[in-house]
Amino acid sequence: MLVSSETEDPLYVEMYTDYFFGNHTSDSNSQLRDSLNIMSTVVYSLAFVLGVLGNGVVICVTGFMMKKTVSTVWFLNLAVADFLFTAFLPLSVTYTALEFHWPFGTFMCKLSSAVSALNMFASVYILMMISIDRCVSVLLPVWAQNHRSVQKASRVSLCVWVLALILSTPFFIFRDTKPSFFNEEVINCFNNFAFSDDFTPEQIQLRLFRHRAITVTRFLLSFAIPFTVIVACYAAIIHRLRKNPNLASQSSRTFKIIAAVIIVFFLCWAPFHVIVLMELTSHQYSSVLIQNVITLGLPIATSLAFLNSCLNPLLYVFMGQDFKDKVCKSIVKVLENAFQEEDTQADSKTVETTQGNENSKL
């Protein structure tokens, strides 16, 4: 279980992160912990159904029914990342329902964790590229009209997938299965950072070092750095739109959809990273309160992060156009409206006109 000052058992029994199942949790929290595990099972099941169906529809529409644009390339890749993740959720549902017994073997333990990490990295980097693309389109509309293309967006998406695959490799390498420390009939899927079953002081220190390195790297590369870029892009966009109300009206629909997707991603993943960083510091500064917050808070944070993969299709539909229109039109038309490429030529003309008016005043 969790390596801390209170226990010498360094098994990490986790769903997505190093999730301490709570064998050392006080009896007063046992009933609440069981309720949280039931909640997690329900949320994972809901995310699986909605995520597979919703992202499957988005993939069909953006991949096969709509005209290829830069925007559809971004949203197609985002849907593929979420679809892959939600397709593996039945494994997590089973693992939680069996009270963290993994019956699927070592390879599937490794693959499930790697797919989760792949989704995390791919999603946030696609959102980052969407933000950069929107920033360039607003700040440099003429340049964007001449240089933005489906082919370039596809190449960038491929690079994002390669990078995400590389970053998710450690989650495949370190993942392992082993009988539980407390019950040998229960098989845990955990991070074996030392590649060893020995729990000597040296091995424990190696586990802690690699655990810290991966946790900090994951936080920086999958959250802090990408969202810094995203915030910078949207700060520049907002600054420009305030100067040009006409450009703001032309970009409002897609801007709102993209902003909503990014905000939801942040709200779903921020609690997860906060709890994980708390768990990291608890190895040195452990207290009963912190351990209880981690043990009871992590299932909620993880469930929220998992739920993110099924929310994007709902955002596309309910922000694509007015609700009455959605009732009258097919889901395909709704998604077409949500992903419709904006007329960058109109944007460029607006900028040119604005610049001409400013020059005439001089």
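For the stretch 166-191, enumerate the residues that are assigned to a loop (DSSP other than H, G, I, E, B) and among the small types (Gly, Ala, Ser).
If the condition is that a residue be assigned to a loop (DSSP other than H, G, I, E, B) and among the small types (Gly, Ala, Ser), then Ser180 is the only one that fits.
Do the conditions hold for Phe219, that is, is it buried (at least 18 other Cβ atoms within 10 Å of the Cβ), hydrophobic (A, V, I, L, M, F, W, C) and under 25 Å from the mean Cα position of the chain (by Cα)?
On the way: buried (at least 18 other Cβ atoms within 10 Å of the Cβ): no; hydrophobic (A, V, I, L, M, F, W, C): yes; under 25 Å from the mean Cα position of the chain (by Cα): yes.
No: the conditions fail for Phe219.
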**Request:** Please identify the pairs in which a residue from the stretch 49-74 that is in contact (Cβ under 8 Å) with a residue 40 or more places away in the chain and over 20 Å from Leu158 (Cα atoms) has its Cβ atom under 7 Å from the Cβ atom of a residue that is surrounded by 24 or more Cβ atoms within 10 Å (Cβ to Cβ) and among the small types (Gly, Ala, Ser), counting only partners at least 6 apart or on another chain.
**Result:** Gly51/Ser309
**Request:** Go through the stretch 102-150 residue by residue and tally those that are touching a helix residue (DSSP H, G or I) at 6+ places or on another chain (Cβ under 8 Å) and free of Cβ contacts under 8 Å to residues at least 12 places away in the same chain.
**Result:** 1
**Request:** Note down all Cβ pairs under 6 Å where the first residue falls in the stretch 265-276 and is in contact (Cβ under 8 Å) with a residue 40 or more places away in the chain, the second is of a type in the set (Phe, Trp, Tyr), and they're at least six residues apart or on different chains.
**Result:** His273/Phe219; His273/Phe223
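I'd like the full set of residues that are outside any helix (DSSP H, G or I) and free of Cβ contacts under 8 Å to residues at least 40 places away in the same chain, limited to the stretch 195-218. Walk me through how you get there before you give the answer.
Within the stretch 195-218, the subset outside any helix (DSSP H, G or I) is 195-200.
Selection gives Phe195, Ser196, Asp197, Asp198, Thr200.
Name the one entry in Phe64, Phe121, Phe48 that is in a helix (DSSP H, G or I) and closer than 21 Å to Ile230 by Cα.
Values: Phe64 fails: closer than 21 Å to Ile230 by Cα; Phe48 fails: closer than 21 Å to Ile230 by Cα.
Among Phe64, Phe121, Phe48, only Phe121 is in a helix (DSSP H, G or I) and closer than 21 Å to Ile230 by Cα.
Residue-wise test of (1) part of a helix (DSSP H, G or I); (2) at pLDDT 85 or above.
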site	(1), (2)
Thr254	yes, no
Val261	yes, yes
Leu267	yes, yes
Ala270	yes, yes
Ile275	yes, yes
Met278	yes, yes
Gln284	no, no
Ile290	yes, no
Thr295	yes, no
**Prompt:** Within the stretch 129-153, restricting attention to residues that are at pLDDT 95 or above and buried (at least 16 other Cβ atoms within 10 Å of the Cβ), which residue is farthest from the chain's Cα centre (by Cα)?
**Reply:** Ala153
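The values are calculated or read from the model by the stated rules, or taken from the named source; none is laboratory data. Remember, it's a predicted structure, so these values are computed and weren't measured experimentally. We place every Cβ from the backbone using ideal geometry, glycine too, and count neighbours over all the protein chains shown.
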